[in-house]
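**Student:** Got a structure here, written out as structure tokens. Questions coming.
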Amino acid sequence: MNRRSRQALTSVFTFATLIGSALADPITVQTANGPLTLPQPARRVIALEYSYLDTLEALGVKAVGAATTTQGGDRGVPDYLKARTRGVAAVGSRAQPNLEAALALKPDLILADTLGQKTALAALGRIAPTAAYDNRRGSYDDVLAQVLDIGRLVGREAKARQLLTEQANLRAKASAFTKKAHRGWSSRWRPRAVLPSIAAIPLSAAC
């Protein structure tokens, strides 16, 4: 294939991608601040909570920016996520997001927490569509619902559902193990090892 043919083929693929995006159905999810609609899956995502970073990683999506610094007394990125944040631009900390840095990244979606970024939500919404959730204070089921929402927002709903199925299977195994351990305590009156809570296992670790 000569150079002119390759260029023509590239143009066709680019045109087809643009047409596909234009014809795609809008994506609407219910956030803590009401419904949020995107015209197409987000490609440039900023994550302002570590759990969002973990979720994006598990979905196979690289965030363009994240709250990874320690301003305002933030503890910094958990050890298990540090290697995965290489190449992700810092946009301040969870406590003090850097709005200028976020704007410079030209995001098409920002993932925020209603508590951690409460005072910045209005400003974030002027930078890009912002999905705010009760992430820090949410229940385990709330967080799983957020995983599904994020999967939809970035065009990875099928992968998100797969992750939820894997988490459910892990919890079922842990529950069965715990029941077996309790029976052992009753019959032998001595402690046995119990698995840690599956809820504490990062989603990306289940992949």
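The values are calculated or read from the model by the stated rules, or taken from the named source; none is laboratory data. A quick note: this is a predicted structure, and the numbers were derived from the prediction, not measured. Cβ sites come from the backbone with ideal geometry, for glycine too, and all protein chains shown count toward neighbours. The accessibility values were calculated without ligands, DNA or RNA, using every heavy atom of the protein model including side chains. Shrake-Rupley method; radii C 1.70, N 1.55, O 1.52, S 1.80 Å.
**Student:** Does any residue of the range 155-172 turn out to be within 15 Å of the chain's Cα centre (by Cα), part of a loop (DSSP other than H, G, I, E, B) and at pLDDT 95 or above?
**Tutor:** The answer is yes, given that some residue of the range 155-172 is within 15 Å of the chain's Cα centre (by Cα), part of a loop (DSSP other than H, G, I, E, B) and at pLDDT 95 or above.
**Student:** Shifting gears a bit: Every residue in the range 120-141 that is open to solvent by 60 Å² or more (accessible area, probe 1.4 Å) and either under 13 Å from Glu49 (Cβ atoms) or touching a helix residue (DSSP H, G or I) at 6+ places or on another chain (Cβ under 8 Å) (or both), please.
**Tutor:** Matches in the range 120-141: Asp134, Arg136, Arg137.
**Student:** Continuing with the same structure: Return yes when Ala112 is over 22 Å from Ala58 (Cβ atoms) and in contact with a helix residue (DSSP H, G or I) (Cβ under 8 Å, 6 or more places away or on another chain) and no when it is not.
**Tutor:** Spelling it out, it is not the case that Ala112 is over 22 Å from Ala58 (Cβ atoms) and in contact with a helix residue (DSSP H, G or I) (Cβ under 8 Å, 6 or more places away or on another chain).
**Student:** If a residue has to be touching a residue at least 40 places away in the same chain (Cβ under 8 Å) and assigned to a helix (DSSP H, G or I) to count, how many in the range 125-144 make the cut?
**Tutor:** Number satisfying all stated conditions: 2.
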